[in-house]
């Protein structure tokens, strides 16, 4: 059986049949978009690419970043995570957008909302 992504937050849980997804959000200070591409495999959740529209307060491009179509793009070098927790500060105008082959959903819209992404057991 293949891996699935488990999403838990706000007292609910959801299973998504996806092993690749993107997360995007609006930076709370600079008000520009940040996007990350993720994959799920036996080792956990791995970020494969990050991109940010511009640079500034708390959102400097990573090592090896290149400018492409107005986005700073790079491949982060961090180990796989067992889980990823998204926390909503309330300082942004929207939550996190998670997109996969089957569609998109918004997570963590309300201040204080917390959402955890992990491989389903």
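A few points about this structure:
- Residue count, region 35-49 (criterion: surrounded by 17 or more Cβ atoms within 10 Å (Cβ to Cβ) and at pLDDT below 95): 1
- Put simply, of 56, 2 the only residue that is at pLDDT below 95, surrounded by fewer than 17 Cβ atoms within 10 Å (Cβ to Cβ) and either within 12 Å of the chain's Cα centre (by Cα) or under 27 Å from residue 119 (Cβ atoms) (or both) is 2.
- Qualifying positions in region 60-116 - part of a strand (DSSP E or B) and out of contact with any strand residue (DSSP E or B) (no Cβ under 7 Å at 6 or more places or on another chain): 67, 68, 103
- Region 79-95 residues that are at negative phi and surrounded by 13 or more Cβ atoms within 10 Å (Cβ to Cβ), paired with ones that are outside any strand (DSSP E or B) and modelled with pLDDT of 85 or more (beta carbon under 6 Å, 6 or more apart): 80/43
- The residues in region 101-118 that are surrounded by 16 or more Cβ atoms within 10 Å (Cβ to Cβ), at pLDDT 95 or above and over 11 Å from the mean Cα position of the chain (by Cα) can be counted, and the count is 1.
The values are calculated or read from the model by the stated rules, or taken from the named source; none is laboratory data. The structure presented is a predicted model; accordingly, all values stated were derived computationally and were not measured. Cβ sites come from the backbone with ideal geometry, for glycine too, and all protein chains shown count toward neighbours.
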